[in-house]
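Contents: one structure, followed by commentary.
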Amino acid sequence: MRKLTRMPSNGKGRLSVIAVLALLNGCAAPSYQPVLPPAYMQDFNPAADLDAAPDLAPDSAVPEPEKPSSPKAQAREFTLNQVIRTALKADPVIHSAFENITQAEADLLTAGLPPNPEVSVSGSLVPLDRSFTVTRQGGPPQFDAGISMPIDWFLFGKRAAAIVSGQRGVDVATADFANTIRVRIASAIAAFYTVLEAQAMLDLAQENNANLTEMEKIILNRVALGGVGTIEADRIHLSIFSSHRDVHARELELNAALNQLRALLGIVENVPIEVKGSLEIAKPASPLPIDAAFKLAEENRPDLLSLQRQLAKANADIALEQSKAYPQVVPKIGYTRQFQEQAIGYPDANSWGAGVDVVVPLFDRNQGNIAKAKSVLVQSRANLQAQLTTLRSEIDQAVNAFASAHQILVNDDPGQLDAAKNVRDKINQAYELGGKTLIEVLDAQRIYLETYRLHITSRSNYWHSLYQLNAAIGKDVLR
C-alpha cells in the first residue's frame, strides 16, 4: 500500500466524494424476470375447478380419518385434474427444485452488488516516552482518515459479466424446475389411468364370476332333475374357482395401482381413495409425424431448454472469468489533521491526499478458471448433443406407440363387444333349455371375457400412449 500524498485542503475533495456517491447510487442490482419455459399441461381441461382438489399433502392439517371399515368412512375421489394438482403440491422434489431458483436468484443478487468501500482511521507520530514541545520537537502528531473502493468491477465490466452469468443461472434453474413438473405430471397421469384400467379389469372379473355363479345354479338345477351328469357341476365348479383367483389377482393389481397413486398424492393416512374418470374415447386424436413431433419437442421440452441455457451460461461464465483477469484497481482519498502547534510551534494544519492501488497481473491472470469455463462450454455442447440424440429416440418410440394404439382403436369393431355379449347370453339361454352344451357356454363366456379385456386394454393403451407422447414433446398437443 502506497502512502497517501497530502495536498492542501480545497473543494476538490468534496467533489470527489460526491462523484463516488453518485456512482454508488447507480450500482443497485437490476431486477430480472427469467424467461419462463412453456408450461406442460398448463391449459389442461380449463373448465375443471382445480381449487376443488383435496389438500392431502403430508404437511397439511388433515382431520383424523375414520377407519375404512366404518360405515361413515368415505373414499376421497379424485379427477384427473385433482390428481395432477395434488401430486404437484405433495412432491418434495418440486419444492426442492423451486429452491434452486431461489438460490440462483440469490446468486444473481450477489453478482449485482458493488463491493463495499473501505474506511480507514489512524493516528501516527504520537508521543511515546515524552511530550513534544517547541524546544523538544517531534512529530508532529497527525490523524488520518481515508476511504477506498475498488473500481475495476466498473472499469473492466466485471460486475456486468457477473450479472449476465447470474441471469443465465436463473434461466437454467427455471427450466430445470419446469422439467421437474413435466416429469411429475406425466407420472401422475400414468398412475391415474393405470387405476382406471385396473378398476375396469376388476369389474369385468367380478362380472364374469357373477355370470358363472348364475350358470352354476342352472347346472345344479338340471343335475337335480337328471338332465345332465354331475361332471358338468364339477366343470362349473372349476371355472368358478378359476374366476375367484382372477378376481383376487385383479384386486391385488388395483390395490397396487392405488398405492402407487397414493404415494404420488402424498397421502400417508389410512384414507380410502377412488378415481373419477373413464377410459372411453369420444374422438381419437390423429397421430403426429415423427419430424413434426421432434420439432415441437425441441421447442417445448424444458430439459432440452435447460441444456441450451447451460450453453448460454457457459459462454457468460467464460466472459466473467476473462473479465476477472483484469487487475484490481482501488482508488482512495483521505484527510489528515496535523497537530503542529504544541510540537513544533506552527499552526495546526488540515490536508487531503489521493492515491490508487493496482494489482499487477504478472503471474495470476485467472488462466485456470478461464480454461475451466471453456471446458464447461465444451461439456455443455456434448450434453446437448447427447440429449438431442436421446430425445429423437424417445420421440420416435412415443410416436410409434401412439400410432399403434390409435390404429388398434380405430380398427376395433365397435359392435364386436356387443356381439360377443349377445352370443354369450343366447348360448346361456339355449343351455338352460337343453339346446347347448356346457363346453359351448364356457367357450362363449371365455370369448366375451377376452374381447372385453382387449376393449379395456386398447383404450388404456391409447390414453397412456397419448399422454406419454405429450410428455415427451413437453406440451399437450394431443387431446
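Details
- R0 of 35 Å, Cβ-Cβ distance Ala285-Arg235: FRET efficiency to nearest 0.05: 0.15
- Measuring max minus min along each principal axis, the C-alpha atoms of segment 358-479 give extents of 109, 25, 21 Å (largest first).
- One decimal place: the segment Ala263-Tyr346 gains 21.2 nm when fully extended, by the rule 0.36 nm per residue minus the C-alpha distance.
- Note on Ile408 and Glu216: the model spin-label points, each 7 Å out from Cα along the C-beta direction, lie 3.3 nm apart.
- Above-threshold pairs, the threshold being 29 Å between Cα atoms, out of Lys276/Lys421; Lys217/Lys426; Lys276/Lys436: Lys276/Lys436
- Per-residue ³J(HN,Hα) for segment 167-176, Karplus 6.51 cos²θ - 1.76 cosθ + 1.60, θ = phi - 60°, Hz, x for Gly and Pro: 5, 5, x, 5, 4, 5, 5, 5, 5, 5
- Karplus-derived 3J(HN,Hα), 6.51/-1.76/1.60, for each residue of segment 442-454, Hz, glycine and proline x: 5, 5, 5, 5, 5, 4, 4, 5, 5, 5, 5, 5, 5
- Near the amide H of Arg76, within less than 5 Å, lie the amide hydrogens of Ile273, Glu274, all on another chain or at least 5 residues away, with H placed in the peptide plane.
- Loop trypsin sites (Lys or Arg not before Pro), segment 232-325, which have at most 12 other Cβ atoms in a 10 Å radius of their Cβ (DSSP): Lys276
- Scaled against the 2.2 N^0.38 Å expected of a compact globular protein of N residues, the Cα radius of gyration of segment 228-356 reads 2.94.
- Between Ser96 and Leu36, the contour length at 0.36 nm per residue exceeds the Cα-Cα span by 19.8 nm.
- Surface calculation, 1.4 Å probe, protein heavy atoms: Leu307 sits at approximately 20 Å² accessible.
- For segment 237-309, applying the loop criterion from DSSP together with a ceiling of 12 other beta carbons within 10 Å to the GluC sites (Glu not before Pro) yields Glu269, Glu280.
- Kirkwood Rh, angstrom, segment 201-299 [1 / mean 1/r, Cα pairs]: 18.1 Å
- Placing a label point 7 Å from the Cα of Asp203 along the Cα-to-Cβ line, the residues of segment 70-112 whose backbone N sits under 17 Å from it are 77-80.
- Residue-by-residue Karplus 3J(HN,Hα) for segment 95-108, coefficients 6.51, -1.76, 1.60, Hz, glycine and proline x: 4, 5, 5, 5, 5, 4, 5, 4, 5, 5, 5, 5, 4, 5
- When each of Lys295/Lys374; Lys89/Lys295; Lys89/Lys313; Lys158/Lys313 is checked by Cα-Cα distance, pairs over 26 Å: Lys295/Lys374; Lys89/Lys295; Lys89/Lys313
The values are calculated or read from the model by the stated rules, or taken from the named source; none is laboratory data. If you're wondering where the values come from, they're calculated on a predicted model, not measured in any experiment. Cβ: placed from backbone, ideal geometry, glycine included. Neighbour counts: every protein chain shown. Note: accessible area is taken over every heavy atom of the protein model, side chains too, but ligands, DNA and RNA are not part of it. Shrake-Rupley method; radii C 1.70, N 1.55, O 1.52, S 1.80 Å.
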